[in-house]
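S.K.: The structure is given below, and queries will be raised subsequently.
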Amino acid sequence: MYPYGDFNDKDDTQRDNYTTGSNYQWNNLNQPVQWDGNSYRSSGSGGRGSGGSSRDPENPKGNKLGLKVLCGALACLMISAGSIGGFVALVNNGYVTLNGSQSSEASGTKTTSSGNSALVNPTAATGGELTVQEIAKKVIPSVVCIQNYQISENQGMRRGTTTATNDSSVSPASEGSGIIATSDGYIITNAHVVSGATSLKVVLSDGQSYEAKLVGSDSVTDLALVKIEASGLTAAEFGTSANLQVADTVMAIGNPGGIELNSSVTIGYISALNREITSSQNGYVMKCIQTDAAINPGNSGGALVNTAGQVIGINSSKIVAQGYEGLGFAIPIDEAQPIINDLKEYGYVKDRAMLGVSGQFVDSMISRFYGLPVGYYVSSVMNPSVSAAGIEAGDVITEIDGKAIDSSTVLTSAITSKKPGEEVKLQVTRSKTGKTFTASVSLAQSSGG
């Protein structure tokens with residue numbers, strides 16, 4: 001482990017190749033190595049001194065001995081050349097890997113690029129960490145502003161008369177953010193961003209605007225999918241939330257306050273994982289990513305991004321209360337993906353159960369005022385199984401599977417844990433007579449909303 005990563009000093013001086021683990025050896029270990037001022041050289045044992053000018057007398061036997069030595073040396077040379085040639089052939093064919101080689105060929109096996117896209121995971125962070133500037137440059141074009149237009153009633157007096165007017169017009173009701181999922185215009189956002197919309201408009205980061213249509217919305221998980229007619233859009237790269245760790249650096253990108261502050265980025269850390277957040281509207285509990293990256297109104301539906309520039313969460317909410325700061329939450333992308341896929345294919349979440357009644361929760365104050373038991377007041381019935389069980393408008397459901405409905409979230413929490421077709425046992429009070437009875441009903445398929 002080098003203290004300065006890929007460099008061997010703090011001044012970013014590149015390490016030479018001799019520190020990478022390659023083995024370098026002198027071919028003749030019996031020859032000492034000397035430094036001559038310019039380079040290393042080896043000194044043999046047969047060298048003469050600098051002043052030796054005389055030669056030993058010639059010896060005929062010595063000549064024959066020298067001839068034998070020469071022939072032996074030539075034979076060794078031929079054998080060595082053959083060995084080297086064979087060794088080179090092994091290297092060239094990939095059966096021998098030299099130390100320090102950058103080849104991916106393993107001993108006895110050659111690997112080549114097959115071009116098979118199935119071997120490539122497009123969500124894997126293979127390029128390493130990006131700078132914060134690179135992250136912003138990569139992801140900002142994939143985050144849009146979504147404007148929610150609704151019909152507003154304008155009541156007043158017509159000028160010059162005493163006639164009252166009741167005009168209606170479509171005007172912006174709210175703004176949020178969205179993430180471009182595909183280059184042909186599918187955009188992910190929060191359900192509360194598009195809730196109640198008469199019409200929707202999407203504004204890209206470069207200012208281009210498009211009319212949008214709602215593909216599907218799921219208020220239980222607060223996810224929605226819209227579509228614009230466009231091509232060549234910059235789709236976001238989606239990572240995985242499964243590998244996240246507390247204290248990872250993240251960037252939130254969105255439109256706090258709407259289009260006037262579009263494409264804003266904030267940076268923070270993952271404060272906690274699997275933080276259970278209960279919806280105040282339906283009681284559904286979702287495990288979210290907690291972050292201290294600033295998330296403000298208008299950021300909803302925007303991207304929470306890792307250091308590889310991949311979307312790993314969909315910003316959805318924050319705690320707004322005196323004394324609290326830096327408590328934002330995002331829906332993990334791994335949790336959102338199957339919901340979004342269902343919305344695209346069906347327009348709703350498949351296998352999402354519902355009881356099939358509408359109404360409101362009766363709390364202790366309403367109970368005392370109207371003389372009703374605490375529970376869920378049924379105003380209408382849509383599920384035939386509920387009607388067949390004898391439940392009708394005006395009844396109050398006080399228990400589900402033996403659990404008292406003492407808060408607005410109990411009923412929803414019990415149902416979202418089940419599949420369509422499963423049965424639940426309900427305790428019901430008829431408000432007109434005060435009669436209490438038990439009913440078993442089959443849950444219906446939710447069609448979204």
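S.K.: My understanding is that a pair violates if its Cα-Cα distance is over 18 Å; which of 137/287; 350/419; 403/425; 287/419; 403/432; 350/425 do that in this structure?
M.R.: Values: 137/287 30 Å; 350/419 10 Å; 403/425 10 Å; 287/419 20 Å; 403/432 23 Å; 350/425 23 Å.
Cα-Cα > 18 Å for 137/287; 287/419; 403/432; 350/425; rest within.
S.K.: Efficiency by 1/(1 + (r/R0)^6): what FRET value for residue 209 and residue 433, r their Cβ-Cβ distance, R0 = 45 Å, to the nearest 0.05?
M.R.: Details: r = 58 Å, r/R0 = 1.28.
Between residue 209 and residue 433 the formula returns 0.20.
S.K.: For the stretch 285-334, compute the orientation-averaged projected area of the C-alpha convex hull (one quarter of its surface), in nm².
M.R.: Working: hull surface 15.2 nm².
If I average the Cα hull's projected area over directions, I get 3.8 nm².
S.K.: Once the Cβ-Cβ distance between residue 417 and residue 230 is put in as r, and R0 is 30 Å, what FRET efficiency do you end up with, to the nearest 0.05?
M.R.: Working: r = 39 Å, r/R0 = 1.30.
In this case the efficiency is close to 0.15.
S.K.: Quick check on the stretch 249-368: take the gyration tensor over C-alpha atoms, sort the square-rooted eigenvalues as a ≥ b ≥ c, and tell me if it's rounded (a/c under 1.5), prolate or oblate.
M.R.: Values: a/c = 2.01, a/b = 1.37, b/c = 1.47.
It is oblate, given that a/c is not under 1.5 and a/b is not larger than b/c.
S.K.: Compute the Kirkwood hydrodynamic radius of the stretch 347-421, taking the inverse of the mean of 1/r over all pairs of distinct Cα atoms, and give it in Å to one decimal. Could the numbers behind the result be given before it?
M.R.: On the way: mean 1/r = 0.0762 Å⁻¹.
For the stretch 347-421, inverting the mean 1/r across all distinct Cα pairs yields 13.1 Å.
S.K.: Another question, if that's okay. If you wrap a convex hull around the Cα atoms of the stretch 315-449, how much volume per residue is inside, in Å³?
M.R.: On the way: hull volume 18.1 nm³, N = 135.
Looking at the stretch 315-449, the number lands at 134 Å³ per residue.
S.K.: Now a separate question. When you take every Cα atom in the stretch 315-368, what is the radius of gyration, and what is Dmax, the widest Cα pair distance, in Å?
M.R.: Just the Cα atoms of the stretch 315-368 yield Rg and Dmax of 17.7, 46 Å.
Only the coordinates and a few stated rules stand behind these numbers; no lab work does. These numbers were taken from a predicted model, which means no experiment stands behind them. Methodologically, a virtual Cβ is constructed for each residue, glycine included, from the backbone with ideal geometry; neighbour enumeration extends over all protein chains shown.
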